[in-house]
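Before any comments, here is the structure.
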Amino acid sequence: MNDQTSEHRTVEPILNAIANWVAGYRRAVGLRGELTKCRPEEVARMAQDIGVSTQELKLYVNKGPHAADELPKLLRALGVDPQQLASESPEKMRDLQRLCITCGDKAQCRHDIAAGTIATHYRDYCPNAMSIEAIFSSGSDSGQKRV
């Protein structure tokens with residue numbers, strides 16, 4: 001009986017990790033599936049509504065709904081209120097989100113966010129670094145500090 005309990009404690013985290021991966025995969029496939037249910041004209045209209053090509057829209061959908069979750073954390077670390085930026089400059093925020101979605105350095109970004117070093121390291125790899133610097137240097141958005 002004790003051996004079973006011990007074995008269960010050893011196997012349980014592995015099974016949970018597998019279950020979480022499967023759930024994430026199902027969510028991602030489900031999102032892609034929703035887009036494929038649309039007629040090409042509908043996809044084109046959605047893409048036009050958000051100002052991207054249909055290929056870009058498909059790419060963003062394939063990345064999943066959390067593909068830009070690091071952006072608000074980066075902005076907060078830099079003293080920028082992401083909601084205020086989205087409200088005052090929705091086009092700038094959309095541009096930042098687009099780049100964040102396609103970023104290939106998510107692991108480094110997440111590491112720096114967790115370590116509290118994102119504000120000093122993001123310029124080394126973040127595809128949004130130049131855009132963020134431009135936002136600060138323009139000074140056009142109120143309530144945002146200069147980095």
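Worth a mention:
- Single residue of region 94-147 satisfying the filter (among the aromatic types (Phe, Trp, Tyr) and at pLDDT 95 or above) that is surrounded by the fewest Cβ atoms within 10 Å (Cβ to Cβ): Tyr125
- Qualifying position, being crowded, with 16+ Cβ neighbours inside 10 Å and either under 18 Å from Ser131 (Cα atoms) or at pLDDT below 90 (or both), among Ala77, Ala19: Ala77
- Qualifying residue in region 55-74 (condition: acidic (Asp, Glu), in the same structural domain as Leu35 (by TED's automatic domain parsing) and modelled with pLDDT under 90): yes
- Figure legend. Inter-residue proximity from region 99-127: first residues over 16 Å from His66 (Cβ atoms) and of a type in the set (Phe, Trp, Tyr), second residues at pLDDT 95 or above and surrounded by 14 or more Cβ atoms within 10 Å (Cβ to Cβ), beta-carbon distance below 7 Å, spacing 6+ or different chains. Indicated pairs: Tyr122/Leu74; Tyr122/Asp112; Tyr122/Ala129; Tyr125/Asp105; Tyr125/Gln108.
- The requirement of being among the basic types (Lys, Arg), closer than 30 Å to Cys38 by Cα, part of a helix (DSSP H, G or I) and outside the structural domain of Thr36 (by TED's automatic domain parsing) is fulfilled somewhere in region 84-94, by at least one residue.
- Within region 44-74, the residues that satisfy the criterion of being touching a residue at least 40 places away in the same chain (Cβ under 8 Å) and either among the hydrophobic types (A, V, I, L, M, F, W, C) or surrounded by fewer than 14 Cβ atoms within 10 Å (Cβ to Cβ) (or both) are Ile50, Gly51, Val52, Leu59, Leu71, Leu74.
The values are calculated or read from the model by the stated rules, or taken from the named source; none is laboratory data. Just so it is clear, the model here is predicted, and its values are computed rather than measured. As a convention, Cβ positions derive from the backbone with ideal geometry for all residues, glycine included, and neighbour counts pool all protein chains shown.
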